[in-house]
1. Can you name the condition, by its number, that residue 110 falls short on among (1) without any contact (Cβ under 8 Å) to a residue 12 or more places away in the chain; (2) in a strand (DSSP E or B)?
2. Just give me the residues in segment 93-114 being open to solvent by 20 Å² or more (accessible area, probe 1.4 Å) and in contact with a helix residue (DSSP H, G or I) (Cβ under 8 Å, 6 or more places away or on another chain), in sequence order.
3. For residue 130, indicate whether it is of a type outside the set (S, T, N, Q), under 27 Å from residue 41 (Cβ atoms) and surrounded by 14 or more Cβ atoms within 10 Å (Cβ to Cβ).
4. Got a number for residues in segment 94-134 being modelled with pLDDT of 95 or more, over 17 Å from residue 70 (Cα atoms) and either of a type outside the set (Lys, Arg) or in contact with a strand residue (DSSP E or B) (Cβ under 8 Å, 6 or more places away or on another chain) (or both)?
5. Do any residues in segment 59-71 that are more than 11 Å from residue 44 (Cα to Cα) and at pLDDT 95 or above have Cβ atoms under 8 Å from those of residues that are open to solvent by 10 Å² or more (accessible area, probe 1.4 Å) and of a type in the set (Val, Ile, Thr), where the two are at least six apart or on different chains, and which pairs are they?
6. Return the residues of segment 19-48 that are modelled with pLDDT of 80 or more, among the aliphatic types (A, V, I, L, M) and touching a strand residue (DSSP E or B) at 6+ places or on another chain (Cβ under 8 Å); say none if nothing qualifies.
Amino acid sequence: MYAHTSDTIVGWRAKLYDRLMGVFGATRVYEKALALLDLSEGQRLLDVGCGTGTFLKLAQKKFPNARCMGIDASADMLTEARKMADSSIVFTEADASALPFPNESIGWVISILAFHHMPDGIKIRAVQEIARVLRPGGKCLIADFGRANTVWGSF
């Protein structure tokens with residue numbers, strides 16, 4: 001669907017993603033990121049590269065009056081996200097380099113452990129898109145590490 005090469009997670013990797021990330025300690029990253037959020041009632045939170053929606057599920061519990069949304073380029077990851085998520089969380093298949101939201105419409109944008117899956121050019125465009133959709137005074141948190149250089153790392 002998209003014209004760039006990335007290591008988008010599909011198939012069996014999407015089905016096992018939450019279990020694998022639990023083993024590798026992603027839950028601690030989600031908890032630390034969640035502690036940094038301060039969402040007011042009705043404020044919109046966008047998770048770029050939301051995967052299975054684990055972070056958004058935690059955010060919705062902590063901030064039940066916020067509007068939580070996630071985008072991901074992987075239909076398989078979004079299928080997993082929709083299985084366990086509250087119906088108030090909106091998941092959309094979209095590329096980080098072309099966010100389907102109006103200018104200055106989002107109060108918080110977060111991206112956790114997604115940027116390492118993107119080629120450098122897409123990362124640059126994604127940051128530009130995040131800046132475009134953020135409201136004046138909006139906040140962004142990107143938590144990640146470098147791009148995987150081995151088969152095991154990309155697994």
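1. Every listed condition holds for residue 110 apart from (1).
2. 93, 97, 98, 101, 102, 103, 104
3. yes
4. The total comes to 1.
5. 71/92
6. Within segment 19-48, 33, 36, 37, 39, 45, 46, 48 meet the criteria.
Listed here are the residues, each with its yes/no results for (1) farther than 16 Å from residue 139 by Cβ; (2) open to solvent by 70 Å² or more (accessible area, probe 1.4 Å).
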{"site": "55", "(1), (2)": "no, no"}
{"site": "58", "(1), (2)": "yes, no"}
{"site": "68", "(1), (2)": "no, no"}
{"site": "78", "(1), (2)": "yes, no"}
{"site": "85", "(1), (2)": "yes, no"}
{"site": "90", "(1), (2)": "yes, yes"}
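The values are calculated or read from the model by the stated rules, or taken from the named source; none is laboratory data. If you're wondering where the values come from, they're calculated on a predicted model, not measured in any experiment. Neighbour counts are summed over all protein chains in view; Cβ atoms, including those assigned to glycine, are modelled from backbone coordinates with ideal geometry. These accessible areas exclude ligands, DNA and RNA; they are computed on the full protein's heavy atoms, side chains included. Shrake-Rupley method; radii C 1.70, N 1.55, O 1.52, S 1.80 Å.
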